[in-house]
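Asker: Please find one structure pasted underneath; my questions will follow.
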Amino acid sequence: LDIVEANEAFGIVYALKPEVYLWQFGMVLYYRGEYERGMEILEGNAKIYEERFGERGSEERIWMDACRLKLKLRQNTGQSVTESVESERVSESRDSESDLPNEFRKVVQLTRELFTASVEENLTTEILTRAKLRQLAGAAPTTDTTTATATATLVRDPMGYKLSSWYFLGLHHDALGQLEQSKECMRNAQAIAATKGDEDIFHSFPALHMTVRGWMDTGNEVPVAPTQPKQEEEDTEEDIMMQSIMDSVMGLGLEDVAGEMIRKGLKNDKDESTMKLDLIAVLIDELIESLL
């Protein structure tokens, strides 16, 4: 998918038929940084899909929230934004799908919850949902670095959970402006995608993201995921989720940590490191409770 060519082609289609169902146009607009227009296209496509099939337009709404988070990021950095991203509009958009069946695809469901939590600034749900997606993604794939092609080894992913989890985690980090974390996730997704066929266009999405962001290696090489030293014992799913929670909390600023402590009725008069450790312990308990 060439972003420039796709934008021109999709633009022509929309000019001729404004009511067409073409959610990929919103994805293209996201990568072009046209977030207001992207939200408009994606919201319209979500409604078309939901009215036509009676199911949630999850992919459309994931990308719509990605655009919304990018707009909030612009607002927070003092840039002018013409599109409203206020909570009233978000709630109105959520209400339009309230009578539809729940999303049954596990990774997509968790991704929806993750983006929704970020839009609504629900930090606890964001951290716990990210941990659950990290569980599905599994350990970062080891790769064969002796060849130009990234060949993920020891990765069994027949249902595509690992690939899609790494990809959507990377997209979420990207929407939040966390580019280093996004790059790591996308590298892992690309390493797995390289082992799959090209029958599903989704398999090309990690490479597309990395190309647009300028993360692809030069020449004919495909970027590989970070290699890992062999461990006597692989991390368990519980280890992965707890590590995700720790990474999320340790990456928070003091204001966010203190605010979350207050919301949970915990003391926030300790030093930053101690408060983070206390918050990690509480979140791990909440994660365990949510999984029971």
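Asker: Placing unit charges on C-beta atoms (Lys and Arg positive, Asp and Glu negative, everything else neutral), compute the dipole magnitude of the stretch 236-292 about its Cα centre in debye, rounded to 20.
Answerer: That gives a dipole near 240 debye.
Asker: Pull out the extension gain between residue 237 and residue 271, defined as 0.36 nm times the separation in residues minus the alpha carbon to alpha carbon distance; nm, one decimal.
Answerer: 9.2 nm
Asker: Right, here's the next one. What is the calculated FRET efficiency for residue 7 to residue 247, with r their C-beta to C-beta distance and R₀ = 30 Å, to the nearest 0.05?
Answerer: The pair residue 7/residue 247 has a calculated efficiency of 0.30.
Asker: Also, I was wondering about something else. Roughly how many nanometres apart are two label points built 7 Å out from the Cα toward the Cβ at residue 73 and residue 47?
Answerer: With each label point 7 Å from Cα toward Cβ, the separation is 2.7 nm.
Asker: Tell me the label-point distance for the pair residue 200, residue 19, using the 7 Å Cα-to-Cβ offset, in nm and rounded to one decimal.
Answerer: Each label point is offset 7 Å from its Cα along the Cβ direction, giving 3.3 nm.
Bear in mind that the values in this text are calculations on the coordinates, not laboratory data. Just so we're clear, the structure is a prediction, and the values are computed from it rather than from any experiment. When we count neighbours, we look across all protein chains shown, and the Cβ atoms used for this are built from the backbone with ideal geometry, even at glycine.
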